[in-house]
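K.L.:
For reference, the structure I am asking about is given below.
The values are calculated or read from the model by the stated rules, or taken from the named source; none is laboratory data. Predicted model, so just to flag it, every value in this text is computed and none were measured. Note: ideal-geometry Cβ built from the backbone for every residue, glycine included; neighbour counts use all protein chains shown.
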Amino acid sequence: MAVLGAYFLGTFGIFLRIVLMKTNFPKWLQSRNEVVTPVTSWERVEEGFSLQKQFISPYSGDMFHETPLALRCLKLAYYFPFDGVKTFFIVIDILTMIFLYRIASAFGDQMLKEQAAEKSEYSPKAESLLVTAKQLSMLPSTLIAVHVFNPFSIMTTLAMTTSSVSNLMTLLTFYYLIKGNKLMCTLFLALSTYQTLYPLVLIVPVALHFYRNSISSTSAQSFVSGEAVSSYIITSSMFLILFGFLIGVSYVLEGSWDFLFSTYGFILTVPDLTPNTGIFWYFFTEMFDHFRTFFVCVFQMNAFIYTIPLAVKFTKRPLFLMYVLMFLTSIFKSYPSYGDAALYISLLPLWKHTFCYLRNTLMIVGMFMCCIVLSPILYHLWIFAGSANANFYFAITLTYSTAQILLFTDLLFAYIRWEYGLYNGKDIRNPDGSKTLIILE
Amino acid sequence: MGFLTDEKQRGRLITLLERHHHKLSLLSYIIGLGGFLALAYQPLNASTYFSENALLPGLVETELPRTLDSATVYRKELEEEMKTDTKLSPHKWIYSKFRELGLETFTQNFSVVYPFKSVSARVVAGENVYSILRARRTASTEALVLSVPLRPLANKAKTGTGGGIALALALAKEFKQKPYWSKDIIFLFTDFDEIGAMAWLDGYHQTDSQYIIANDLEGRSGAIIAAINLELPLENVNYFNVKLEGLNGQLPNLDLVNLVVKLCRRERAQVMLHHMSEDRGYIHSEHGDTFKDYKQALSTMLKMMWYQASGAPSGNHGLFQKFHIESVSLEGVVKKGQRQSDIHATAKIIEGIFRSLNNLLERFHQSFFFYLLPSTSRYVSIGMYMPWFGLMALAGLIQGIVLWLATSEDPNKQEGEPLASSKETSDATMENKDKLDESISEREKDNNAITRESPGASEDDKVQDSGDIKDIPEDQEEKNGKKDLVSIVPVILVAMLLGWMAHQGPELLTRIMPRFRIQTEDMILYSMLAIFTAALVYPKLMKKKASESNILNLNWKLLKSVALVLQTLALTSLSLMNISLAFFLTALMVPVTTLVRPCNNRFLRLLQMAALVLVSPMSLMLMVGIISSVPQDSPLELITQGFANSKELIFLGVMDAHLFNAWTETVITAVVFPVWLMFWAIPWIDSN
């Protein structure tokens, strides 16, 4: 039943995307800088193709920021039947759905396994907090449903941004991580890091997860023992070798190291301040040049630094850690877009069992809706009508960031609260029988 | 952000909301509406002032001769020229006169392909004439435009613009001799009013339009900083009427409006906004606070909002604004028995305006872009009206939030969580609640018994048994939150689909249907009406589908809360672009949509439906038509005229959407209509 539902939903989603592709909506979306950033724009990819055709290095100018391998692989898009590129992105979307489905079922199995292993430690009163096989059977179709109706993923596919490709890479990393396939997992992690750099932080949950899988008894886990460290080193070196290999291949293909500055340098030094949904552009347009380097470092640090405390907190829950890090990346990366939101929102239902602890659902949904509706309007008022100014648009991008952070903290809280419930029982009562109010401090 | 993390504070806020939400919404609506309307009261708004120093209005000595004889000569010649063929505009005459003056003069041809094949010829050709006076001191990087629409004498519906043409010629002759121009001056004469202006602007900026096909311009200048549109008849005028509402409710920078008003006053010409005369007392803040003054100011403000709400340009200036060019129209009105301003005075006004604009160092960016004017020299800025509008919109949002809490709270409580529920926070209320629980628990068991018997009862219902449930009455229909969400999705989707149909309908119908022998106006109106009536019965159709029970089986609270949130979102985002449209929609829709709820009483249900139909987009259109034809002899005439007007209105709305890319039609059909349809489903739901 659930499988049939997922198929039905998936078909509907594809149909919806194909129909929308036929309208002039994609053309409009391609001009929206909430959806398309300099690093994900298909127009720029085409620019790269034509530069390459003229035997000019695509990296010599300031237009092209994809990696050398992507430049060669994305050419495949033209060989797809019916409209080539459009079909390519729909196929990417279909693949995304297939792997979402697989992730959901693999994740469900993993949850049940972990739960069975740890059940002895749980409080007996936490029975209703445990996930059941029946609940999990609905998970794949829920994920598909969310992906199908998620406005962010619809927009990302329609605008034909390459972030849908890099999202797929990250999803594959996640999938093979759950499956426990070390080689494939590190391969895709290397690929997605190669593509957008920020997935680098995901090496932490990946290493933790493989170590956790390798040891049999859950109780004797120590994540800082010599055994653990050697496991981490093996995983990271696998990743580094693959990543180095990719860079090496790129060098061989390009014949120079120019591409490094045009891709990673472009991501790290943020020279393009086109307005987007992130926090960088407004801040750095106002910046005096001699402070720039310092603040670029400070801002970029945000994307990486939180990995450490989160890794300490969620050492035993690497899958959640992985999700949380994906989420953080999309808030703090230098050229964020709706494409990043598409990824984490599609995966959000994985934590459905903790949703009963979410507290600001209406507000967050409202904020996201406001951002979707208001950002094109305010952009119009600023750029075209001239009646508003940059602050209007900045306000809405700030709202977007705030909404993301709220959702992030809310989810974090919900997860911790759920875990607390597992060990301490669901219904915690004061001695006088009234319910205890649990406050996070 | 305390209330986001601190349970206690949250609790307090939520209890407050839950307990007083009716009062709060009523209060916020009334205060909002009252506050908004009170803004026209003189002590509550501000006097206009110049924000842009560079304008230096009226500082320069006029260099025109006392009587501008060339203007009177040109006027006489033009009158004779126009009388030779009253159906034609004097393109050739204007072209040759400007050439005689030695200015670069060009014509631009354009053709209009009417959408819907609404004119039998389908393609209508037009011709713009324009002439560029090059500034001596700069390299044509900036320009000012003086535009005059061309209207043949036979066109009695609109006032003639012959005076404007004569004046433009005379001024061109004078301006040409002056050394001080730092911006080019373009004299533009447009065919078919706005359409010609649109074609010229498209040609100037090399943008494409699907329906107005404009030829490229032969001569051009730099970025256009400002434009003045003159609509002056051949006779001497009695007062000037300033028109400023542009496409999609855009307004020119307030500094430009101030400039025009100030220079008219300097020449002792009477200047009005929407033909509303005003007392001098209101302008100067001494004693403008009488009730009579307030009434006057309020009606001026509402008139301005009325025009702005339509989203249609009220003159050529409206299209310049689309291209980020500040512009106003100055219309000369002939009215017997009042003081006259002759063409010499008018010339001085225009000269003053252009010399002020000539001083500008940068684009208009100071002063206000979002404002309402209760008089020519008082203004209400965005900061003053937004809070009141916000309060009006908040009325709906409060209800939406409370309904959301009501739907989401119960399942949470069943799981025994101290989530959004506030009750756990204080022990005193806790005890009361426990008592309440006991009293309700028996009824509660019955409810659960019923749900268990029904075939659809799922696992989630069983969970209810163990849980301690507090707010009971609606609990029967309330199942798991997700299931509810799924149940309202069809309604939302159908509403969206119908909205899309209403948006695309007229075009699709005209394309598919064979040509009937009816006019396009009728065609559009009837197709809209057909879609509207079809939409009216959609809850009934959806009922039939849910085979067993004869009611729309969904959680009305959730539906209403979603619809209210969407409505608030739509109205507030609209308010940023077109505050007037947003204000009128909010004032009319919010009270009805907030109050609507399912009920068993047949009479009340019908009353609700009637109220909803009354605020539906279709009847709003009819209302607008009737109001705009108000002074009529008999009620019957009023209705027929109103109907004709609204037909015209809908037609023009659709045309503007196609020709000028106006949004009003889209907003009404694709945004307001679907939201309204969601509310329309609510009275159809059985209240049990």
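K.L.:
Output the number of residues of the stretch A:330-362 satisfying the condition of being in a helix (DSSP H, G or I) and more than 14 Å from chain B (Cβ to nearest Cβ).
P.N.:
Step one: of the stretch A:330-362, the residues in a helix (DSSP H, G or I) are A:330-332, A:338-357, A:361-362.
Still in the list and also more than 14 Å from chain B (Cβ to nearest Cβ): A:330-332, A:338-347, A:350-351.
Number of matching residues: 15.
K.L.:
Can you name every residue in the stretch B:222-249 that is outside any strand (DSSP E or B) and either buried (at least 24 other Cβ atoms within 10 Å of the Cβ) or at pLDDT 90 or above (or both)?
P.N.:
Looking only at the stretch B:222-249, we keep the residues that are outside any strand (DSSP E or B), and these are B:222, B:232-236, B:238, B:244-249.
Across the stretch B:222-249, the qualifying residues are B:LEU232, B:LEU244, B:GLU245, B:GLY246, B:LEU247, B:ASN248, B:GLY249.
K.L.:
Here is a follow-up. Would you confirm whether any residue within the stretch B:59-67 is closer than 23 Å to B:ILE165 by Cβ, buried (at least 18 other Cβ atoms within 10 Å of the Cβ) and not aliphatic (A, V, I, L, M)?
P.N.:
No: zero hits.
K.L.:
Just need a number here: residues in the stretch A:311-336 that are more than 15 Å from the chain's Cα centre (by Cα) and of a type in the set (Ser, Thr, Tyr).
P.N.:
Of the residues in the stretch A:311-336, the ones more than 15 Å from the chain's Cα centre (by Cα) are A:311-318.
Of the ones still in play, those that are also of a type in the set (Ser, Thr, Tyr) are A:315.
Within the stretch A:311-336, residues that are more than 15 Å from the chain's Cα centre (by Cα) and of a type in the set (Ser, Thr, Tyr) number 1.
K.L.:
Inside the stretch B:143-180, can you point out the residues that are under 21 Å from B:GLU351 (Cβ atoms), of a type in the set (S, T, N, Q) and out of contact with any strand residue (DSSP E or B) (no Cβ under 7 Å at 6 or more places or on another chain)?
P.N.:
Once the filter is applied, which keeps residues that are under 21 Å from B:GLU351 (Cβ atoms), of a type in the set (S, T, N, Q) and out of contact with any strand residue (DSSP E or B) (no Cβ under 7 Å at 6 or more places or on another chain), the stretch B:143-180 yields only B:GLN177.
K.L.:
If you go through the stretch A:390-411 one residue at a time, do you hit one that is farther than 19 Å from A:PRO275 by Cα and aromatic (Phe, Trp, Tyr)?
P.N.:
So the first thing to find is which residues in the stretch A:390-411 are farther than 19 Å from A:PRO275 by Cα, and the list is A:405-411.
Then drop every residue that is not aromatic (Phe, Trp, Tyr), which leaves A:408.
For the stretch A:390-411, residues farther than 19 Å from A:PRO275 by Cα and aromatic (Phe, Trp, Tyr): present.
K.L.:
Suppose we keep only residues that are polar (S, T, N, Q) and surrounded by fewer than 19 Cβ atoms within 10 Å (Cβ to Cβ) within the stretch B:598-616. Which one would you say is modelled with the highest pLDDT? Lay out the reasoning, then the answer.
P.N.:
First pass over the stretch B:598-616, keeping only residues polar (S, T, N, Q): B:600-601, B:608, B:616.
Filter again for surrounded by fewer than 19 Cβ atoms within 10 Å (Cβ to Cβ), leaving B:600-601.
Details: B:ASN600: 77, B:ASN601: 80.
Per the stated criteria, the residue is B:ASN601.
This table checks each residue for (1) under 21 Å from B:ALA269 (Cβ atoms); (2) touching a strand residue (DSSP E or B) at 6+ places or on another chain (Cβ under 7 Å); (3) outside any strand (DSSP E or B).
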| site | (1), (2), (3) |
| --- | --- |
| B:GLY315 | yes, yes, yes |
| B:VAL328 | yes, yes, no |
| B:ALA345 | yes, no, yes |
| B:GLU351 | yes, no, yes |
| B:SER356 | yes, no, yes |
| B:LEU373 | yes, yes, no |
| B:PHE389 | no, no, yes |
| B:ALA393 | no, no, yes |
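K.L.:
Give the residue, chosen from A:MET169, A:MET184, A:MET155, A:MET138, that is surrounded by fewer than 22 Cβ atoms within 10 Å (Cβ to Cβ) and modelled with pLDDT of 90 or more. Before you say what the answer is, go through the steps one by one.
P.N.:
Details: A:MET184 fails: modelled with pLDDT of 90 or more; A:MET155 fails: surrounded by fewer than 22 Cβ atoms within 10 Å (Cβ to Cβ); A:MET138 fails: modelled with pLDDT of 90 or more.
Going through A:MET169, A:MET184, A:MET155, A:MET138 in turn, just one is surrounded by fewer than 22 Cβ atoms within 10 Å (Cβ to Cβ) and modelled with pLDDT of 90 or more: A:MET169.
K.L.:
Which residue pairs have Cβ atoms under 7 Å apart, sit 6 or more places apart or on different chains, and have a first residue in the stretch A:157-185 that is in contact (Cβ under 8 Å) with a residue 60 or more places away in the chain and of a type in the set (Lys, Arg) and a second that is part of a helix (DSSP H, G or I) and surrounded by fewer than 22 Cβ atoms within 10 Å (Cβ to Cβ)?
P.N.:
So the pair list comes out as A:LYS179/A:ALA106.
K.L.:
When B:SER619 is evaluated against the numbered criteria (1) buried (at least 21 other Cβ atoms within 10 Å of the Cβ); (2) outside any loop (DSSP other than H, G, I, E, B), which criterion, by number, is the only one it fails?
P.N.:
Unmet condition: (1).
K.L.:
The conditions are (1) buried (at least 18 other Cβ atoms within 10 Å of the Cβ); (2) over 20 Å from the mean Cα position of the chain (by Cα); (3) touching a residue at least 24 places away in the same chain (Cβ under 8 Å), and A:ALA388 fails exactly one of them. Which is it?
P.N.:
Here A:ALA388 clears every test but (3).
K.L.:
Pick out, from the stretch B:1-93, the helices (runs of 4 or more DSSP H) lying fully within it that include 2 or more residues that are of a type in the set (Lys, Arg) and under 34 Å from the mean Cα position of the chain (by Cα). Reasoning before the result, please.
P.N.:
Details: elements: B:2-5, B:7-38, B:69-84.
It comes to none.
K.L.:
Which numbered condition in (1) within 17 Å of the chain's Cα centre (by Cα); (2) surrounded by fewer than 22 Cβ atoms within 10 Å (Cβ to Cβ) is the only one that B:LEU636 fails?
P.N.:
In the conditions (1) within 17 Å of the chain's Cα centre (by Cα); (2) surrounded by fewer than 22 Cβ atoms within 10 Å (Cβ to Cβ), B:LEU636 misses (1) alone.
K.L.:
Taking the criterion of being more than 17 Å from the chain's Cα centre (by Cα), within 14 Å of chain B (Cβ to nearest Cβ) and not in a helix (DSSP H, G or I), would at least one residue in the stretch A:274-296 satisfy it?
P.N.:
no
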